[in-house]
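Values quoted throughout were computed directly from the atomic coordinates according to the rules given, and no laboratory measurement underlies them. None of the values given here were measured: they were computed from a predicted structure. Heads up, the Cβs are rebuilt from the backbone with ideal geometry, glycines too, and the neighbour counts pull from every protein chain shown.
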2 protein chains.
Amino acid sequence: MAVYTDVSAEELGQFLAAYDVGELLSYKGIAEGVENSNFLVHTSRGYFILTLYEKRVAVSDLPFFLSLMAHLADHGVTCPQPVKRHDGGALGVLAGRPAAVINFLEGMWPRRPGVAHCAGVGQALARMHVAGRDFPMRRANTLSVTGWRPLFEMARPRAGELQPQLAAFLAAELDHLESHWPGDLATGIIHADLFPDNVFFIGDKLSGLIDFYFACHDLLAYDVAICLNAWCFEPDHSFNVTKARALLNAYHRERPLAAAEQRALPLLARGAAMRFLLTRLVDWLNVPPGALVKPKDPNEYIRKLRFHQGVSNMSDYGIDGWEGASAGVAADAG
Amino acid sequence: MAVYTDVSAEELGQFLAAYDVGELLSYKGIAEGVENSNFLVHTSRGYFILTLYEKRVAVSDLPFFLSLMAHLADHGVTCPQPVKRHDGGALGVLAGRPAAVINFLEGMWPRRPGVAHCAGVGQALARMHVAGRDFPMRRANTLSVTGWRPLFEMARPRAGELQPQLAAFLAAELDHLESHWPGDLATGIIHADLFPDNVFFIGDKLSGLIDFYFACHDLLAYDVAICLNAWCFEPDHSFNVTKARALLNAYHRERPLAAAEQRALPLLARGAAMRFLLTRLVDWLNVPPGALVKPKDPNEYIRKLRFHQGVSNMSDYGIDGWEGASAGVAADAG
């Protein structure tokens with residue numbers, strides 16, 4: 001739940017006058033997302049989402065994100081599209097914040113993802129990876145393997161407040177990840193934050209992807225690993241191999257995972273768990289008193305990390321052979 | 001900002017199947033209101049507001065509120081109307097909470113109310129008072145003069161944490177209010193919480209009133225006093241006599257204030273300030289650690305109370321004679 005910056009009707013009306021969206025009729029702050037302030041805006045032309053970009057988003061990155069959404073939408077990935085102003089720009093300033101108007105995407109994020117949702121997200125992720133191939137802009141992943149040690153150093157002195165011996169556990173894992181992280185896998189545009197609240201469905205049918213504000217260049221299979229963690233564990237923290245199989249098979253049908261990617265997946269999943277564990281841990285240790293946003297629990301990702309430490313190959317993720325293909329052939333397709 | 005209870009698409013879809021609202025397409029938690037959880041719901045039939053009633057609202061009061069909204073809408077007051085289920089009922093249960101679906105009202109609440117907004121709210125308040133005359137249900141005001149002492153006793157031991165000597169100041173004021181509170185003024189249905197965020201406008205034109213969850217039977221002029229406090233003070237806490245004049249004149253044109261109501265208004269305004277001061281003070285002293293909702297500042301209402309203590313008659317509220325009427329005649333109209 002998040003509206004950090006409120007906006008008056010007068011200033012919103014003035015802001016919208018630069019867009020071809022008609023007359024302002026109503027707007028309401030949306031209790032979704034934790035990074036930015038979002039409003040659902042109704043005008044005489046329809047419904048739009050207004051986003052005011054808050055502290056965590058670098059202004060210099062916004063052209064990348066907005067151009068990427070437009071590119072992906074042009075290439076068949078259903079995602080919100082920035083509405084252009086009369087002068088052709090997509091980014092404006094409102095209430096002292098960078099701001100954009102994007103079109104409204106129907107659908108609901110699944111509070112309890114099922115197997116069909118996992119298959120949907122696997123397919124959509126692969127299509128996004130393919131659609132991103134010829135996107136010309138680049139953005140490095142500041143939260144990939146080289147970004148984890150600074151986060152760990154911030155959290156290390158007080159990590160024991162969450163679990164005894166957590167600092168030692170994380171130090172050893174980080175050493176392992178840094179020395180084994182693969183450098184030779186396929187790279188491209190990744191979403192990097194494709195959690196259930198960023199994927200909309202109507203019934204079991206995926207209706208779109210949202211929130212590209214962590215998108216960047218990185219290993220494509222690392223994005224798959226993030227999704228395994230975000231979609232395939234149950235509320236009791238057990239790994240659901242049926243969901244993983246559905247997600248991976250659906251991905252593989254659209255963009256076959258190379259043999260090297262499959263071999264690396266358990267390590268990438270450990271890394272993906274480490275990344276969310278560390279940002280959650282830093283947030284959890286630094287909640288200001290009276291904070292409006294409740295921090296997410298880092299423990300969930302400690303358990304996920306431990307699970308992947310015990311995984312040796314794709315079989316533990318439910319894949320002994322790809323559906324509808326001979327395992328050997330598909331596995332080595334590029 | 002408030003979504004206390006989240007809802008899954010599956011359970012919302014099942015809940016909505018009892019209403020004639022079509023297929024669920026999307027829903028988003030709204031970051032408005034602090035008492036209940038609200039969602040903006042889009043279906044194939046249009047947009048609706050779904051409210052889950054949380055702790056502060058008594059289930060036994062809900063039929064009163066929902067019937068009142070329907071009654072007022074039938075009598076020309078633009079306000080949300082409960083959508084009836086196939087079985088005729090308006091109140092259901094969702095995620096373990098009492099829940100209702102109401103129609104969507106266009107408009108925006110004024111973040112910086114101007115004189116025209118104050119005139120609009122004065123007129124709408126009077127029309128609501130007139131429209132409520134033949135509403136058959138009753139609900140006592142638990143937050144009127146007899147309800148203040150229990151709140152004061154809750155806050156008294158720690159009131160000094162807000163301001164030194166606050167407890168003594170409140171005790172003396174409460175004695176005065178209890179001994180001078182009028183018993184002979186016109187009563188009827190009052191909104192009792194008509195703050196700017198509960199009044200929608202499109203431009204300067206009022207488009208509707210919302211949030212009737214404090215509505216009750218009480219002195220009609222007390223509702224006017226609540227609005228004086230809510231609408232006619234500037235952010236720097238100064239009283240804006242031009243706004244007060246606009247609000248009172250607009251009210252008086254629709255429902256003339258009797259001479260006794262005019263004489264009582266400064267006292268009623270002190271009482272209205274006391275009521276919000278006390279609930280804010282109790283909330284402020286009892287914020288749980290890590291609370292999601294930031295308490296409103298009680299100091300604002302201490303200043304308002306002190307202002308009204310210095311008021312002797314309607315002239316201090318900008319009324320030396322009613323616009324478009326001879327003061328003597330209008331003042332004694334009932």
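Set the Förster radius R0 to 51 Å, insert the Cβ-Cβ distance between A:Asn103 and B:Gln309 as r into 1/(1 + (r/R0)^6), and round the FRET efficiency to 0.05. After rounding to 0.05, the efficiency reads 0.45. Distances between copies at A:Glu254, taken between label points 7 Å from Cα along the C-beta direction, are 5.4 nm in increasing order.
Peptide B:106-119 is shielded by partner chain Cβ atoms: per residue, an average of 3 of them sit within 10 Å of its Cβ. For B:His75, the point set 7 Å out from Cα toward Cβ sits 6.2 nm from its twins in the other copies, listed from shortest up. Secondary structure note: in the protein assembly as shown, about 95% of the DSSP beta bridges are antiparallel. Taking every DSSP bridge with both residues inside chain A, close to 95 percent are antiparallel.
Coupling constants for region A:73-89 follow from the phi torsions by the Karplus curve (6.51 cos²θ - 1.76 cosθ + 1.60, θ = phi - 60°), and in residue order they are 4, 5, 9, x, 8, 6, 7, x, 10, x, 8, 7, 6, 3, 8, x, x Hz; glycine and proline get x. Across peptide A:4-11, the average count of Cβ atoms from other chains found within 10 Å of a residue's Cβ is 4. Within the listed set A:Asn286, A:Asn299, A:Asn313, the residue fluctuating most in the Gaussian network model of chain A (springs between alpha-carbon atoms under 10 angstrom) is A:Asn286. Relative to the longest principal axis of the Cα atoms of chain A, helix A:299-309 runs at roughly 40 degrees. Using the Cβ-Cβ distance between B:Ala58 and A:Thr142 with R0 set to 56 Å, the FRET efficiency from 1/(1 + (r/R0)^6) comes to roughly 0.65. FRET efficiency for the pair B:Leu285 and A:Asp320, taken as 1/(1 + (r/R0)^6) with r the Cβ-Cβ distance and R0 = 60 Å, rounds to 0.45. Note on chain B: dipole from Cβ charges, positive end direction compared against B:Ala155, B:His252, B:Thr43; the farthest Cα belongs to B:Ala155. In nanometres and ascending order, the distances from the B:Ala18 label point to those of the other copies are 4.8 (point 7 Å from Cα along Cα→Cβ). The distance linking region B:168-214 with region A:303-320 is 61 Å (Cα centroid to Cα centroid, whole angstrom). Taking the axis that rotates chain B onto chain A, the chain B residue nearest to it by Cβ, with the distance rounded to whole Å, is B:Ala31, 2. Note on A:Met154, A:Met274: ascending count of other Cβ atoms within 10 Å places them as A:Met154, A:Met274, the fewest first. Per-residue 3J(HN,Hα) values for region B:52-57, derived from phi via the Karplus relation 6.51 cos²θ - 1.76 cosθ + 1.60 with θ = phi - 60°, read 9, 7, 9, 3, 6, 9 Hz in sequence order (x marks Gly and Pro). Relative to the dominant Cα principal axis of chain B, helix B:145-155 is inclined by about 80°. Computed on the Cα atoms alone, the convex hull of the protein assembly as shown gives a volume of 167 cubic angstrom per residue. Taking θ as phi - 60° and the Karplus parameters 6.51, -1.76 and 1.60, the scalar couplings of region B:15-29 work out to 4, 6, 4, 7, 10, 8, 10, x, 8, 5, 10, 6, 7, 9, x Hz in sequence order, x denoting glycine and proline. Between B:Ser67, B:Ser179, B:Ser144, the GNM of chain B built on Cα springs shorter than 10 angstrom shows B:Ser179 fluctuating the most. Spatially close Lys pairs in chain B, defined by Cα atoms under 19 Å apart and a spacing of eight or more places or different chains, total 5. For chain B, the relative contact order works out to 16 percent when only alpha carbon pairs closer than 8 Å and six or more residues apart are counted. On a 0 to 90 degree scale, rounded to 10, what angle separates helix A:115-131 from the longest Cα axis of chain A? Taking the Cα atoms of chain A, the angle to A:115-131 is about 80 degrees.
Electrostatic tally near B:Tyr4: other residues with Cβ closer than 10 Å to its Cβ, Lys and Arg +1, Asp and Glu -1, net -1. What does the charge count around A:Ser26 come to, taking other residues whose C-beta lies under 12 Å from its C-beta (Lys +1, Arg +1, Asp -1, Glu -1)? Local net charge: -2. Highest GNM mean-square fluctuation among A:Ala119, A:Ala95, A:Ala250, for chain A modelled with Cα contacts below 10 Å: A:Ala95. With no solvent and one equal point scatterer per Cα, compute the Debye intensity ratio I(q)/I(0) for region A:9-103 at 0.11, 0.23 Å⁻¹ and report its log10, rounded to two decimals. With one equal scatterer per Cα and no solvent, log10 I(q)/I(0) is -0.29, -1.36. Other residues lying with their Cβ under 12 Å from the Cβ of B:Ala225 contribute a combined charge of 0, Lys and Arg counting +1, Asp and Glu -1.
Can you tell me the relative contact order of region B:107-244? Whole percent, Cα pairs under 8 Å, sequence separation 6 or more.
On the way: 158 pairs, mean separation 50.1, N = 138.
Result for region B:107-244 is 36 percent.
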